[in-house]
Amino acid sequence: MGANRPHGLTRRELLVAGAGAATAALTLRSCIGPTPVDRGLRAAVAILRAGYDDSLPGAIESGFSLVPPPDVSGKRVLLKPNLVDLPREDKPVCTHPAVIVAVAEALRRRGAAEIIVGDGPALQRDAWQIVDAIGLTPLLTQHNLRFIDLNTDDLMLQPNAGSNLGLAQLYYGQTAWQADVLISLPKMKTHHWAGVSLSMKNLFGTVSSLAYGWPRNPFHLHNLHNAVLDFNHTRPADYAIIDGITAMEGDGPVRGTPVDMGTIVMGDNLPAVDATAARMMGIRAEAIDYLARAAGDLGPIGENSIEQRGETIASVQHNFAVDPHQAAIVV
């Protein structure tokens, strides 16, 4: 990819799932018609029940059968988990290593030439300390996976394909930019500024803190939602798998409390995946600024524009606690 990569999402990533064939074995939500704000865009999202145990690989495979991943045969794949900070006692801060490994093995079975795990943590400057602390280090060796700290990776200055930050260019970690396939693996969490921290927000870790500092305060101070949108326009992810097995509510993304959801959320359109996860959390997707502004552009967010596959939202929904100043986002 590199400098020749097209800047901005293709419509294939946005629309292919909406055209997928549903089978009688699927649990689907009936869609009467698309939400007007989505401008006719459609997508499919899969909700699966899972745990951090032997059920997880099967759940990942089921999700891939419901919403197929991009073709990874012969390609270099970057798995981008959320490793924002060192884990804290009883607080599910990071994407669980079991999710990372299960996804990696599923992609290897599909012929991926190389699978890299990479993130640029916002708070902890040494990413390897997080990798060690969450127990990922021995699994990397066991599963033949390489880890790249995207904050200290070689820099690539690329044109900003968005129009929200007022920046002509953005500094990316080279591995994130050059990966053939980028998959966002966030933890399902609330966020004290953004409202929710899901697959779109997770792309913060692809731009380099060497250029923008820890925790990339220029973006937080300018407008967090503008940054999420520009990152998703410039180097979009090709697929998202949200770790909602043990999620976080309250003062997220690092100080909240755990919520046992027992689910993963999967799809090839990030706004649709995040809108679905938000509704599972009892949060109005339309009340999240970057999701509302992504609608009809980067993807659909309206319930009538998203085909739910696997579990229904109602069957797994739990109303998350949020910071008091975020009360307007809850259902």
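Placing pseudo-labels 7 Å out from each Cα toward the beta carbon at residue 325 and residue 174 gives an inter-label distance of 4.0 nm. The trypsin sites (Lys or Arg not before Pro) of segment 101-189 that DSSP puts in a loop, and whose beta carbon has at most 16 other beta carbons within 10 Å, are 110, 125.
With both residues required to sit in segment 133-245, DSSP beta bridges show an antiparallel share near 75%. Dividing the mean sequence gap of close Cα pairs (under 8 Å, 6+ apart) by how many residues segment 94-223 holds gives a relative contact order of 27 percent.
Arrange 137, 234, 35 by Cβ neighbour counts within 10 Å, fewest through most, would you?
Ranked by crowding around the Cβ, least crowded first: 137, 35, 234.
For the chain, the relative contact order comes to 27 percent (Cα pairs under 8 Å, sequence separation of at least 6). Each DSSP beta bridge with both residues in the chain is either parallel or antiparallel, and the antiparallel ones are about 50%.
With Rg/Rh (Cα atoms, Kirkwood Rh) as the read-out, I listed (1) 1.08; (2) 0.92; (3) 0.98; which label goes with the value calculated from this structure? Derived directly from the coordinates: (2). Ellipsoid fit via the Cα gyration tensor, segment 116-171: semi-axes of 29, 13, 9 Å, each the root of five times an eigenvalue, largest first.
Assuming a ≥ b ≥ c are the square roots of the Cα gyration tensor eigenvalues, decide whether segment 80-193 counts as rounded (a/c under 1.5), prolate (otherwise, with a/b larger than b/c) or oblate. It is oblate, given that a/c is not under 1.5 and a/b is not larger than b/c.
Averaging the Cα positions of each part gives two centres, and for segment 38-88 and segment 263-280 these lie 10 Å apart. With a Cα cut-off of under 13 Å and a minimum spacing of 8 residues unless on different chains, the lysine pairs in the chain number 6. Look at the alpha carbon pairs under 8 Å that are at least 6 residues apart: their mean separation over the length of segment 212-289 gives a relative contact order of 23 percent. Near residue 245: Cβ cut-off under 11 Å, other residues only, Lys/Arg at +1 and Asp/Glu at -1. The net charge is -1.
Bear in mind these aren't lab numbers, they're just calculated from the coordinates by the rules spelled out. Bear in mind the structure is a predicted one, so any value in this text is a computation, not a measurement. Heads up, the Cβs are rebuilt from the backbone with ideal geometry, glycines too, and the neighbour counts pull from every protein chain shown.
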